[in-house]
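What follows is calculated from the coordinates using simple rules that are stated; it is not laboratory data. If you're wondering where the values come from, they're calculated on a predicted model, not measured in any experiment. No Cβ is skipped: glycine too gets one built from the backbone with ideal geometry, and neighbour counts run over all protein chains shown.
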Amino acid sequence: MSTNKILPKGVKKQLQRLNTLTTGPGALTLPKSLTRVDLMFQKSVKEQGIGAKQFWRQYLPPIQFYNPDVVISVRRFEDASQRPLLTLEYAEGNKKEIPIATKSAEEVLEILVKEGAEKVAKPVELGVAEY
């Protein structure tokens, strides 16, 4: 018997969202030395900062899920003269500010990988038991 016929539509949709959260490309574990991630971009995104907004929507939720000890903040600003910025703060007190105005969401994700983030070895995939 197929699980698609057993589950109500809303439950299937929620299960898909949870599986995306736990197994998607953003399923990364950040280095233990990284204590804080700040993402800043404009509220009204035109061309500049679209990658930052997409990163926030697509990749940040799974990163938060797998890294509960890392403080992750998102600040959206009105000022058009400010540039989108990713700030990484380490336990030793070092801060690394990375301009991401022209970067795509995938390039921002790649920055975290270069900083030592690793794919989750055993992603949590939620299934449904058949009766």
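The gain in end-to-end length when the Glu118 to Asn94 segment is fully stretched comes to 6.6 nm, 0.36 nm per residue minus the alpha carbon separation. Pairs from the list Lys13/Lys95; Lys43/Lys103; Lys13/Lys53 with a Cα-Cα gap above 28 Å: Lys13/Lys95.
Beta bridges per DSSP, both residues in the range 1-100: antiparallel share near 60 percent.
When +1 charges are put on Lys and Arg Cβ atoms and -1 charges on Asp and Glu Cβ atoms, the dipole computed for the range 29-119 relative to its Cα centre reaches about 200 debye. Distance from the Cα centroid of the range 17-47 to that of the range 69-97 is 12 Å (rounded to whole angstrom). Partner aspartates and glutamates whose Cα lies under 18 Å from the Cα of Lys119, excluding those fewer than 8 positions away in the same chain, are identified as Asp69, Glu106, Glu107, Glu110. Among the trypsin sites (Lys or Arg not before Pro) in the range 61-111, none is located in a DSSP loop while being surrounded by at most 15 other Cβ atoms within 10 Å of its own Cβ.
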